[in-house]
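S.K.: Right, I'll just put the structure down here and ask away after.
Here, each number is a calculation from the coordinates, and none is a lab measurement. None of the values given here were measured: they were computed from a predicted structure. Cβ: placed from backbone, ideal geometry, glycine included. Neighbour counts: every protein chain shown.
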C-alpha cells in the first residue's frame, strides 16, 4: 500500500491535500511539506470518503468530540444524535469509544454517517468483549489486540489511538512515585492490568513494526495514546507521564520514517503554569509532531463545568503550539454525555481553539474578530450572527426580546454606548 505520506514524499500533492489546504487558506504545497516533515497530518483511511481535515503546524486548531456506548447505555440512536450534535456544533473529528452493545454496528454506522474524520480506540473492543463475555482479561492475546486494530482499520477508521507507551518500564516509573489518581486512561488502565497480570510486554510496543505495516495497509493514522496521562493536578508531569511521552516520541519517529502519519496524545489535568512549557517540551522531543490534548483541565473541582476548565487549558495549550483539542463535556467525571452536552462541549473547545488561532496567526482568525467588531460598531446584527461561532445561538437569543429599536441590545436599550458615541464621531 502506498500511503498519503509516500505520495507526498515522491513529489505529489494529492487532491485531498489540496482540498484540506484550501479550507485552511494556505498553499497546498505548504501543507504537503508540513505533512512530509511530520509536523502536520491529514488523517484519512484509504477507504474513506469523508472530508479531508489537516491537523498540525500551519493549520487551525482542531476540535474532536468523543461519542460511544457503554455496557449500561448502548443506544445506537442516542449515539447518532450525539454525532449530529457534534457536527452541527462544528467538530472537526469524532471518536467512537464504544464498549457496550453491538460495537461493530455502532462504529460502522458512525463511519457511514460522519462527514468528518473518525477515530477509535481498538483495544476497548478487544478487552470489553472479553470482560463482558466473562473471560479473564489475562486471556486476551496479543493477536486479539492486533486483530481489533485490523478490524477497525478495515472498516475505514481514519485514526486510531494505540496505547503503545504503557510498558513494563513506564509502569515501573509510575510505581516509583505513586499517584493520587493512578491511571485514569481507560485504555491505559486496561493495558497496564494486562501487562501486570500476564507478565508480558505491551504487544504494540514490542511489535511496533507490525503495527506500522498494518497502518500502512489501510493508510491509518496512528494516534499514540497517553495511557499514563495525569487525572489530577497533583499527578501532572510526574515520572510515569514523562517516561511514556519519551517512549511515544521515539515511536513517532519510527512510524513517520516508515511512511505512516502519526499524532501524539497528551494530558489530562495540569496546572495553568505548567501547560505551555509541557507543550513546548513535547514539540522539542518529537520534532514538532502534532499534539492532541484532552483539555488540559486546569482544576479538579469543577465537576459539572469541566467543559469550561477544558477550554481554559485548551486555549493555553493551543496558543503554545498544541494542534488538536479533545473536548470535554459538562458531564465529564459524572456520567455519559447526551447530545446537549456534546454540543456545549464542542462549542467550548471551539472557542478555545479560535482564541489560540488568533495568537498563532492562523489565516482568517484575527480578520474574523475584526469583522465582528466592525459589525458591532455598525449595530449590524445579521452580520454579527453570521460571524459568530454559533450563529443560531445569536439569532435565538435576539429573538427572545422585543426592543423599541431593533438595532440595539436589551442590556443598554436606548442608552446604547455604540449608538451614543457615534453621535459625536467616536
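S.K.: For labels at residue 206 and residue 404 in the simple 7 Å Cα→Cβ model, what's the distance in nm?
M.R.: That separation, rounded to one decimal, is 8.0 nm.
S.K.: Assuming 0.36 nm per residue, please report the length gained on full extension of the stretch residue 136 to residue 389 beyond their Cα-Cα distance. Please report the intermediate quantities before stating the final value.
M.R.: Numbers: separation 253, 0.36 × 253 = 91.08 nm, distance 4.74 nm.
86.3 nm is the gain from fully extending residue 136 to residue 389.
S.K.: Taking only Cα atoms, what is the 0 to 90° angle, nearest 10, from helix 142-155's long axis to the longest principal axis of the chain?
M.R.: Computed tilt is about 40 degrees.
S.K.: With the chain treated as a Gaussian network of Cα nodes joined by springs under 10 Å, which of 216, 229, 393 yields the largest mean-square fluctuation?
M.R.: 393
S.K.: On to the next question. For residue 420 and residue 10, what does the FRET efficiency come to when R0 = 60 Å and r is the distance between their Cβ atoms, rounded to the nearest 0.05? Walk me through the numbers before you get to the answer.
M.R.: Values: r = 63 Å, r/R0 = 1.05.
Efficiency, rounded to the nearest 0.05: 0.45.
S.K.: Before anything else, pin down the relative contact order of the chain: Cα pairs under 8 Å, at least 6 apart, normalised by residue count, whole percent.
M.R.: Values: 826 pairs, mean separation 68.5, N = 426.
This gives 16 percent for the chain.
S.K.: Taking mean projected area of the Cα convex hull in nm² as the quantity of interest, determine which of [x] 20.3; [y] 29.6; [z] 21.4 was computed from the displayed structure.
M.R.: Among [x] 20.3; [y] 29.6; [z] 21.4, the one derived from this structure is [z].
S.K.: If you don't mind, there's one more thing I want to ask. Starting from the 7 Å offset along Cα-to-Cβ, what nm value, one decimal, do you get for the label separation of residue 340 and residue 368?
M.R.: 2.7
S.K.: Nearest 10 degrees, 0 to 90: what angle lies between the long axis of helix 239-257 and the longest principal axis of the chain (Cα atoms)?
M.R.: Tilt relative to the chain: about 90 degrees.
S.K.: Next question. If you fit an axis through the alpha-carbon atoms of helix 28-37 and take the longest principal axis of the Cα set of the chain, what angle between them do you get, 0 to 90°, nearest 10?
M.R.: For helix 28-37, the angle is close to 30 degrees.
S.K.: So how far apart, in nm, are the two label points at residue 217 and residue 276 if each is 7 Å from Cα heading toward Cβ?
M.R.: A separation of 4.6 nm, rounded to one decimal place.
S.K.: Among 343, 305, 124, which one moves the most in a GNM of the chain with springs linking Cα atoms closer than 10 Å?
M.R.: Residue with maximal mean-square fluctuation among 343, 305, 124: 305.
S.K.: Quick one: 418, 347, 411, 1, fewest Cβ neighbours within 10 Å first, how do they rank? All intermediate terms of the calculation are to be shown ahead of the outcome.
M.R.: On the way: 418 15, 347 20, 411 9, 1 12.
Ascending Cβ contact count within 10 Å gives the list 411, 1, 418, 347.
S.K.: Additional query: So how do 384-390, 172-178, 133-139, 271-277 stack up, highest first, on mean other-Cβ count within 10 Å? Write out the running numbers ahead of the final one.
M.R.: On the way: 384-390: 17.1, 172-178: 13.7, 133-139: 10.6, 271-277: 15.3.
The peptides rank, most packed first, as 384-390, 271-277, 172-178, 133-139.
S.K.: Can you give the relative contact order of region 294-412 as a percent, counting alpha carbon pairs under 8 Å and 6+ residues apart?
M.R.: Details: 143 pairs, mean separation 22.8, N = 119.
About 19 percent, as a whole number.
S.K.: Sort 208, 415, 127, 159 so that the residue with the fewest other Cβ atoms within 10 Å of its own Cβ comes first and the one with the most comes last.
M.R.: Numbers: 208 19, 415 9, 127 24, 159 28.
Exposure proxy ranking, most exposed first: 415, 208, 127, 159.
S.K.: Of 30, 371, 410, which has the largest mean-square fluctuation in a 10 Å C-alpha GNM of the chain?
M.R.: It is 410.
S.K.: Among 60, 319, 349, 73, what is the fewest-to-most ranking by other Cβ atoms within 10 Å? The partial results should precede the final answer.
M.R.: Numbers: 60 24, 319 20, 349 31, 73 14.
By the 10 Å Cβ count, ascending, the order reads 73, 319, 60, 349.
S.K.: May I ask what percent, to the nearest 5, of DSSP beta bridges between residues of the chain are antiparallel? Could the numbers behind the result be given before it?
M.R.: Details: 3 of 29 bridges.
In the chain, DSSP labels about 10 percent of beta bridges as antiparallel.
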